[in-house]
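**Q** Questions regarding the structure given below will be posed in turn.
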Amino acid sequence: MEQPQQRAGSDETLPAEVLPTTGFVFHESEEPKGLLCPPKLLPIKSFALERLEHLEKRMADETKAKRQERQQQKATPQWNTSPTNLRPPLPKPVQP
């Protein structure tokens, strides 16, 4: 059998290490070491939320463009375009 180990500079003896012949062997280190794993990056916004915001922005832009188009049509002077002025003049009657 093995002799108990002694620490340098002390009178205490450590018990002899006993390893089982079958089963699991557990080992505890004295200093815990950090385990580094790759970071998991999560998107700030989900894809569905970004798509919804894009659709809302597009609809707002289209509405704004239509509103500006209507305002421009109202602002431009429309010359006398009433239906009576659009008809060609009647021919002169023929005298017998």
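**Q** Can Asn85 be described as part of a helix (DSSP H, G or I) and either of a type in the set (Ser, Thr, Tyr) or modelled with pLDDT under 70 (or both)?
**A** The answer is yes for Asn85.
**Q** Moving on to the next point. Of (1) at pLDDT 70 or above; (2) surrounded by fewer than 10 Cβ atoms within 10 Å (Cβ to Cβ), Asp11 satisfies all except one. Which?
**A** Just one mismatch for Asp11, condition (1).
To keep it simple, each residue is scored yes or no on (1) at pLDDT 85 or above; (2) outside any loop (DSSP other than H, G, I, E, B).
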site: Thr21; (1), (2): no, no
site: Pro32; (1), (2): no, no
site: Glu53; (1), (2): yes, yes
site: Asp61; (1), (2): yes, yes
site: Lys74; (1), (2): no, yes
site: Pro77; (1), (2): no, no
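The values are calculated or read from the model by the stated rules, or taken from the named source; none is laboratory data. Keep in mind that this is a model prediction, so the values were computed, not measured. Glycine also receives a Cβ, built like all others from the backbone with ideal geometry; neighbour counts cover every protein chain displayed.
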